[in-house]
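There's a structure below that I have some questions on.
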Amino acid sequence: MNERTLMDDPARVSEIVAALRRAGSFALDLEFVSESRYIPELSLVQVGWGDPDSPAVAAIDPLAVDVEPVAQLLADPEVEKVLHAAQADLALLGQRFAVAGRNVFDTQIAAAYLGIGDQIGYGNLVQKVLGVTLDKGAQFTQWSRRPLDDEQIRYALDDVRYLPEIRRRLGEQLDARRRMAWVREESQRLAAANAERPKPEEIYRKIKGWDRMAPRSQGVVRVLAAWRERRALAGNKPPQWVLQDRVLLEIARRPPKKLADFERVRGIKEGFVRRHGRELLERVREGLAHPLEPSPRPPALSDEQKVQSSMVSAIVQAMSREAGVAPRFVASRDEVEALVRWWGSGDRELASAPELGILTGWRRQLAGQPVLDWLAGRTSIVAAADGIELRTVESPQGQR
């Protein structure tokens with residue numbers, strides 16, 4: 001098989017899928033076109049499998065052949081899928097084929113857990129791990145146009161050609177440092193988060209500023225955002241092309257009662273009102289009739305808790321740096337604040353603690369327990385040459 005040949009034969013694709021399943025692990029990458037589209041257009045599927053030193057590779061043409069059999073392997077727990085920076089690929093396959101990734105190994109996450117680099121690009125990772133410099137000349141190819149030339153296909157195949165060997169080398173390092181489970185847990189979390197789109201009725205939460213509006217206006221935002229989401233999906237156009245966020249929010253703040261009221265909304269065009277005005281009025285009335293219930297907000301941190309939050313963040317940073325792990329994988333700012341609020345409540349039994357990653361599993365071992373020890377006064381923070389250190393607080397003489 002000439003690897004520069006674009007696979008467009010269903011029988012050959014079936015053979016490749018069978019080979020991937022037998023291999024038990026394969027590299028996967030996608031090329032797609034996202035410009036002017038809400039859901040990117042899948043334009044190429046690349047796979048690599050077999051001997052990491054010299055893997056077989058193939059580029060499959062989704063414009064000519066059904067690639068769903070490849071996509072369905074994403075959900076097979078018996079077959080490992082190796083991707084780099086997998087979020088966009090997992091989301092696209094999930095949206096198009098309704099598959100949720102299982103047994104995913106993200107080499108970008110693995111690199112972050114080994115201290116190689118946080119959010120490192122594929123080309124830089126190949127250079128650091130294998131000493132190979134990739135030719136990125138075809139990086140901005142219009143992948144949906146046919147035919148693709150040899151340079152384009154070679155560039156695409158390079159995105160999976162080196163992944164099996166990188167997986168092998170990073171896996172050895174992870175096993176040696178007992179961190180393979182960490183990477184699998186984070187990769188699976190990423191896969192689960194991108195398994196399906198939010199429901200249209202929940203998409204309003206992505207609009208900045210909705211939570212600072214009155215309940216009746218929030219109801220309008222929710223309904224208009226759901227209406228816009230469905231139209232955007234139907235035409236595969238970015239939601240902002242249907243109705244801009246700032247215009248949607250202005251309609252919610254000053255709900256129109258008749259078509260003429262749209263004239264006062266800055267940024268809305270006459271043609272849009274002519275086509276959609278009556279339907280928008282119905283949606284506005286629906287939103288006003290169903291205001292959102294006020295969401296309980298976490299109480300503001302006290303001055304003391306703000307100090308504690310800063311110190312807890314410093315401990316997380318220090319423990320993460322010492323372990324060579326990106327702090328964002330250990331605890332977010334919101335999680336730190338939630339931990340401090342719980343501690344300040346006085347009910348400090350772990351059984352009553354909020355569900356926070358930093359209090360479970362490897363995160364608890366790495367940073368959660370040091371944080372709890374400091375909050376409980378069992379350790380103190382002291383300045384060190386390269387940051388901070390935690391030192392055990394000695395009990396008064398005669399006490400234990």
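If you check residue 352 against the conditions, is it among the polar types (S, T, N, Q), within 24 Å of residue 297 (Cα to Cα) and either crowded, with 20+ Cβ neighbours inside 10 Å or within 24 Å of the chain's Cα centre (by Cα) (or both)? Show your work before the answer.
Details: among the polar types (S, T, N, Q): yes; within 24 Å of residue 297 (Cα to Cα): yes; either crowded, with 20+ Cβ neighbours inside 10 Å or within 24 Å of the chain's Cα centre (by Cα) (or both): no.
No.
Just one of 18, 75, 59 is surrounded by fewer than 18 Cβ atoms within 10 Å (Cβ to Cβ) and among the aliphatic types (A, V, I, L, M); which is it? Steps first, answer last, please.
On the way: 75 fails: surrounded by fewer than 18 Cβ atoms within 10 Å (Cβ to Cβ); 59 fails: surrounded by fewer than 18 Cβ atoms within 10 Å (Cβ to Cβ).
Of the residues listed, the single one that is surrounded by fewer than 18 Cβ atoms within 10 Å (Cβ to Cβ) and among the aliphatic types (A, V, I, L, M) is 18.
Among the listed residues 337, 322, 389, 293, identify the single one that is touching a residue at least 12 places away in the same chain (Cβ under 8 Å) and assigned to a helix (DSSP H, G or I).
Details: 322 fails: touching a residue at least 12 places away in the same chain (Cβ under 8 Å); 389 fails: assigned to a helix (DSSP H, G or I); 293 fails: assigned to a helix (DSSP H, G or I).
Result of the check over 337, 322, 389, 293: 337.
Follow-up. Any residue that is part of a helix (DSSP H, G or I), of a type outside the set (S, T, N, Q) and at positive phi - is there at least one of those in segment 349-370?
For segment 349-370, residues part of a helix (DSSP H, G or I), of a type outside the set (S, T, N, Q) and at positive phi: present.
Related question: It is to be established whether one or more residues within segment 202-211 are within 30 Å of residue 277 (Cα to Cα) and among the aromatic types (Phe, Trp, Tyr).
yes
Among the strands (runs of 3 or more DSSP E) contained in segment 35-136, which hold 3 or more residues that are of a type outside the set (Asp, Glu)?
41-49, 56-60, 80-83
Run down 205, 216, 189 and say which single residue is within 30 Å of residue 322 (Cα to Cα) and open to solvent by 80 Å² or more (accessible area, probe 1.4 Å). Don't jump to the end; show me each part of the working.
Working: 205 fails: within 30 Å of residue 322 (Cα to Cα); 216 fails: within 30 Å of residue 322 (Cα to Cα).
Result of the check over 205, 216, 189: 189.
Can you tell me which residues in segment 132-155 are touching an Asp or Glu at 6+ places or on another chain (Cβ under 6 Å) and either hydrophobic (A, V, I, L, M, F, W, C) or over 17 Å from residue 32 (Cβ atoms) (or both)? Lay out the reasoning, then the answer.
Start the filter on segment 132-155 by keeping residues that are touching an Asp or Glu at 6+ places or on another chain (Cβ under 6 Å), which leaves 134, 138, 143-144.
Passing the criteria: 134, 138, 143.
Please tell me if residue 59 is of a type in the set (Gly, Ala, Ser), at pLDDT 95 or above and closer than 13 Å to residue 195 by Cβ.
Spelling it out, it is not the case that residue 59 is of a type in the set (Gly, Ala, Ser), at pLDDT 95 or above and closer than 13 Å to residue 195 by Cβ.
Among the residues of segment 233-258, which ones are under 17 Å from residue 205 (Cα atoms), free of Cβ contacts under 8 Å to residues at least 24 places away in the same chain and of a type in the set (D, E, K, R)?
Passing the criteria: 246, 250.
The rows are residues; the columns are (1) within 30 Å of residue 61 (Cβ to Cβ); (2) free of Cβ contacts under 8 Å to residues at least 12 places away in the same chain; (3) open to solvent by 20 Å² or more (accessible area, probe 1.4 Å); (4) touching a strand residue (DSSP E or B) at 6+ places or on another chain (Cβ under 7 Å).
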position	(1), (2), (3), (4)
143	yes, no, no, yes
157	yes, no, no, yes
161	yes, no, yes, yes
174	no, no, no, no
180	no, yes, yes, no
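The values are calculated or read from the model by the stated rules, or taken from the named source; none is laboratory data. Remember, predicted model here, so these are calculated numbers, not experimental data. Virtual Cβ from ideal backbone geometry, glycine too; neighbours counted across all protein chains shown. Ligands, DNA and RNA are stripped out before the accessible areas are found, and what is left, the full protein with its side chains, is counted by its heavy atoms. Shrake-Rupley method; radii C 1.70, N 1.55, O 1.52, S 1.80 Å.
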